[in-house]
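The values are calculated or read from the model by the stated rules, or taken from the named source; none is laboratory data. These figures come from a predicted structure and were not determined experimentally. Cβ placement follows ideal geometry from the backbone for every residue including glycine, while neighbour counts extend to all protein chains displayed. Keep in mind that these areas ignore ligands, DNA and RNA; they rest on the heavy atoms of the full protein, side chains included. Shrake-Rupley method; radii C 1.70, N 1.55, O 1.52, S 1.80 Å.
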Amino acid sequence: MDTPLRVAIATIEGAITDAREGLPEDVFAFVSRVTPLVNVDLLIKDDRSRTLLTWRDDEFFGAGWHLPGGIIRYKESAAERILACAREELGAGISSDREPLLVVESIGSRETRGHHISLLYRCHLTGNPDTAREARSDRPASGEWRWHDQCPPDLLEAQRVYARFL
């Protein structure tokens with residue numbers, strides 16, 4: 001028997017082409033309101049101990065520097081998401097440790113995207129990041145990257161838990 005809930009679930013499932021490719025924004029927002037999200041964060045250092053950070057500016061976390069990373073998709077391993085993040089955010093290849101350096105749970109006050117389990121991985125570039133995405137001004141654009149000698153004052157609040165590694 002089709003209950004209103006089953007019909008609603010079927011409608012939501014019908015909106016998803018392939019969950020492994022990511023969810024439609026409305027479905028992702030709903031999922032993030034009812035379950036924790038698991039994400040990877042990439043700790044990338046160079047031979048001078050600088051940390052590679054990218055600029056973010058969005059409605060959920062605001063504007064600031066953060067470690068490259070992303071939400072693990074359905075049936076995607078953490079290792080696969082690490083590679084995808086490096087390719088998508090930096091235009092670079094990467095290798096990573098097999099085990100996370102740190103696991104952090106954060107529960108925020110927001111309903112949407114308010115609960116995360118974050119896996120911090122030590123990573124190493126296998127090629128240079130895309131220089132066209134390098135932040136060259138004092139006002140970086142979303143998605144641009146820059147090497148940092150120390151923790152920047154405008155690190156996103158959600159990433160302050162990583163300050164000791166920067």
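Before moving on, here are some points about what is shown:
- Among the residues of this structure, ILE71 counts as one that is under 13 Å from the mean Cα position of the chain (by Cα) and either under 24 Å from VAL161 (Cβ atoms) or at pLDDT 90 or above (or both).
- All positions within the range 126-151 that are of a type outside the set (D, E, K, R), touching a strand residue (DSSP E or B) at 6+ places or on another chain (Cβ under 8 Å), within 17 Å of ASP46 (Cβ to Cβ) and open to solvent by 50 Å² or more (accessible area, probe 1.4 Å): THR126, TRP147
- Residue identified as in contact with a Ser or Thr (Cβ under 6 Å, 6 or more places away or on another chain) and among the aliphatic types (A, V, I, L, M) among ALA63, ALA29: ALA29
- Among residues of the range 74-114, those that are over 15 Å from the mean Cα position of the chain (by Cα), assigned to a loop (DSSP other than H, G, I, E, B) and under 21 Å from PHE165 (Cβ atoms), counted: 6
- Members of the range 19-48 found to be in a loop (DSSP other than H, G, I, E, B) and either touching an Asp or Glu at 6+ places or on another chain (Cβ under 6 Å) or surrounded by 10 or more Cβ atoms within 10 Å (Cβ to Cβ) (or both), listed by number: GLY22, LEU23, PRO24, PRO36, ASP46
- Residue check, LEU83 free of Cβ contacts under 8 Å to residues at least 60 places away in the same chain and either under 16 Å from LEU43 (Cα atoms) or buried (at least 19 other Cβ atoms within 10 Å of the Cβ) (or both): yes
- Single unsatisfied condition, PRO140 versus (1) more than 18 Å from ARG81 (Cα to Cα); (2) under 17 Å from the mean Cα position of the chain (by Cα); (3) of a type outside the set (Asp, Glu); (4) assigned to a loop (DSSP other than H, G, I, E, B): (2)
- Checking the range 155-163 against the condition returns a match, with at least one residue being closer than 26 Å to LEU37 by Cα, of a type in the set (Phe, Trp, Tyr) and in a helix (DSSP H, G or I).
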